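The values are calculated or read from the model by the stated rules, or taken from the named source; none is laboratory data. Treat the numbers as computed from the prediction; the structure is a model and nothing was measured. Here the Cβ is made from the backbone with ideal geometry for all residues, glycine too, and neighbour counts use every protein chain on show. SASA here: full protein model, heavy atoms, side chains in, ligands and nucleic acids out. Shrake-Rupley method; radii C 1.70, N 1.55, O 1.52, S 1.80 Å.
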Amino acid sequence: MESIWSQTCELTKRPALSKDIEVDVAVIGGGMAGILTAWQLERAGVRTVVLEADKIGGGQTKNTTAKITSQHGMFCHTFLAKKGEETARKYVQANQQAVEEYKRIIQETKIDCNFEETDAFVYSKDEGKLMQEAEAAKRLGIDVSLERHLEIPVDCTGAVRFFGQAQFHPLKFICELANGLQIYEDTVVTEVEDHLIRTSGGNVLAAQIVFAVHYPFLKFPGMYFARMHQERSYVLALEGAGKIHGMYIGDGEEKFSFRQYGDWLLLGGEGHRTGENREGGCYMRLKETAAKLYPGSHVAAAWSAQDCITSDGIPFIGIYTSDRPNWYVATGFQKWGMSSSMVSALILKDLICNRENPFADVFSPSRFSAEEIPHIVKDGKKAVAGLTRRFFQIPDETISSLERGQGAVVTTSEGKVGVYKTEEGEIRQVDIVCPHMGCQLSWNPDEQSWDCPCHGSRFDVEGNLLDDPAQEGIQCSGIQE
Ligand SMILES: Cc1cc2nc3c(=O)[nH]c(=O)nc-3n(C[C@H](O)[C@H](O)[C@H](O)COP(=O)(O)OP(=O)(O)OC[C@H]3O[C@@H](n4cnc5c(N)ncnc54)[C@H](O)[C@@H]3O)c2cc1C
């Protein structure tokens with residue numbers, strides 16, 4: 001099902017690139033990060049072009065919950081303890097500046113995008129954690145309070161409240177903001193070498209290049225695949241659930257997300273690492289939670305999305321690698337990509353315009369300290385485990401036992417293949433080796449897709465590419481049962 005954002009906003013179609021061009025900056029990717037970066041650059045007088053494989057906002061941005069906040073879960077105490085006061089303070093300030101920049105742009109441009117200022121809350125059952133978080137947030141200079149009575153029916157002892165945050169309709173915003181930018185849609189970037197970008201429609205020569213593609217698709221340089229994994233979560237738009245005013249996120253086991261959009265209450269949760277979904281049932285469990293919390297409500301829309309998670313909990317924003325000083329990256333948004341996209345746009349604009357940015361060092365992709373490296377290696381090892389899994393895992397299902405509307409990895413005379421049985425009983429057979437790095441794909445019963453546990457690429461039952469970092473589909477053949 002489409003998200004409520006896609007259902008309530010039609011984006012204008014833009015032309016594909018059909019000739020060779022030359023620009024100051026090429027931004028690859030037209031999601032929230034790419035469009036905001038291009039807009040900030042154009043405002044600074046830099047000739048910029050956006051190259052988008054599909055349509056703007058059509059990646060993860062169309063499936064967000066669109067809270068604009070510097071409250072990224074229960075993070076202040078942990079950041080202070082692990083990263084020190086200066087880094088923690090800069091992280092919060094950069095994100096709060098991003099919230100203010102949204103307010104400024106929307107006020108200035110008068111974009112009609114259901115923008116509302118509101119407060120953000122992180123709730124918990126753990127009294128100790130709440131106290132620690134409120135204290136840490138105050139120490140970092142945030143306007144906070146500890147609340148005991150919440151308007152949402154969750155089992156908790158209270159919540160830490162950040163004042164002056166916001167929520168909006170992400171596609172209405174992006175659609176208006178994109179007017180006036182030079183954007184090519186249906187233009188897939190296939191190769192990048194120094195200043196030359198090869199696309200499906202022509203070559204682009206760019207002095208500087210920004211990768212705002214959600215998950216960088218080039219394996220080298222940068223090795224971003226070894227630094228991040230993806231996590232998926234699910235959203236329901238509930239009708240008849242009453243109205244709430246704030247934006248909420250849980251901490252601990254029952255980590256649900258709440259916000260209002262019009263008559264719909266958006267309930268999010270059931271997150272997991274992409275590809276680790278053998279049991280499925282995420283939508284079902286979220287619907288059970290909705291029925292428990294809001295009896296009498298009903299589900300008007302349901303959708304899911306995924307985001308990149310870095311090993312130290314901070315996005316990668318800045319110069320792509322030291323040996324590509326004219327390439328920039330914005331990724332690893334940790335499911336907080338509305339504020340992080342704006343942080344990216346402001347940092348990248350300054351870097352490209354040779355201006356100082358007070359927050360750039362915190363987000364720099366080359367920031368790792370010695371003690372953080374083992375975590376990266378650990379996450380990388382998980383990816384490598386996925387790479388070898390296909391040689392050892394014995395699947396326990398066969399084509400004949402497969403139910404209609406279900407998929408599984410099965411052994412055939414040719415080896416292991418992914419098999420999906422349509423509702424009509426037809427078989428779709430796919431190559432379950434991910435074209436990105438060769439990991440074995442697993443079946444996702446919630447989304448009826450083939451998902452990669454290593455880096456999060458996803459494919460539909462016909463083998464078409466759904467989510468990056470892979471840039472191509474997998475082979476599919478149909479056989480009659
Ligand atoms: C369930 C869920 C809820 C969330 N809710 C919130 C929230 O409330 N608040 C918040 O701050 N964040 C939230 N997030 C995170 C946020 O939605 C994302 O971080 C953000 O949308 C990512 O934007 P992006 O521009 O980086 O990526 P995308 O929107 O995915 O854009 C990347 C674009 O690059 C294009 N592209 C890729 N490869 C190529 C190529 N080779 N050539 C050309 N173009 C290419 C794609 O087509 C795509 O359009 C949520 C995430 C999830 C999973």
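Of the residues making up region 443-481, those that are within 28 Å of Arg285 (Cβ to Cβ), within 16 Å of the ligand (Cβ to nearest atom) and polar (S, T, N, Q) are Asn444, Ser449, Ser457, Asn464. Taken over region 292-306, residues that are within 16 Å of the ligand (Cβ to nearest atom) and open to solvent by 20 Å² or more (accessible area, probe 1.4 Å) amount to 1. Please tell me if Ser18 is within 13 Å of the ligand (Cβ to nearest atom), open to solvent by 10 Å² or more (accessible area, probe 1.4 Å) and either under 17 Å from the mean Cα position of the chain (by Cα) or among the polar types (S, T, N, Q) (or both). In short, no. Taken across region 55-74, residues that are under 29 Å from Val144 (Cβ atoms), open to solvent by 10 Å² or more (accessible area, probe 1.4 Å) and more than 14 Å from the ligand (Cβ to nearest atom) do occur, with at least one present. Among the residues making up region 21-36, those that are more than 7 Å from the ligand (Cβ to nearest atom) and of a type outside the set (A, V, I, L, M, F, W, C) are Glu22, Asp24. Annotation: of all residues in region 430-463 being farther than 13 Å from Val417 by Cα and assigned to a strand (DSSP E or B), the one that is modelled with the lowest pLDDT is Asn444. Under the condition of being over 26 Å from Val192 (Cα atoms), open to solvent by 10 Å² or more (accessible area, probe 1.4 Å) and touching an Asp or Glu at 6+ places or on another chain (Cβ under 6 Å), the residues counted in region 432-477 number 1. For region 175-200, a residue qualifies if it is open to solvent by 70 Å² or more (accessible area, probe 1.4 Å) and either within 19 Å of Tyr328 (Cβ to Cβ) or in the same structural domain as Asp468 (by TED's automatic domain parsing) (or both), and the qualifying residues are Gln182, Glu191, Glu193, Asp194, His195, Arg198. When region 37-54 is filtered for residues that are more than 8 Å from the ligand (Cβ to nearest atom) and of a type outside the set (Ser, Thr, Tyr), the ones remaining, listed by number, are Ala38, Trp39, Gln40, Leu41, Glu42, Arg43, Ala44, Gly45, Val46, Arg47, Val49, Val50. Residues of region 274-291 that are within 12 Å of the ligand (Cβ to nearest atom) and either charged (D, E, K, R) or in contact with a Pro (Cβ under 8 Å, 6 or more places away or on another chain) (or both): Thr274 alone.
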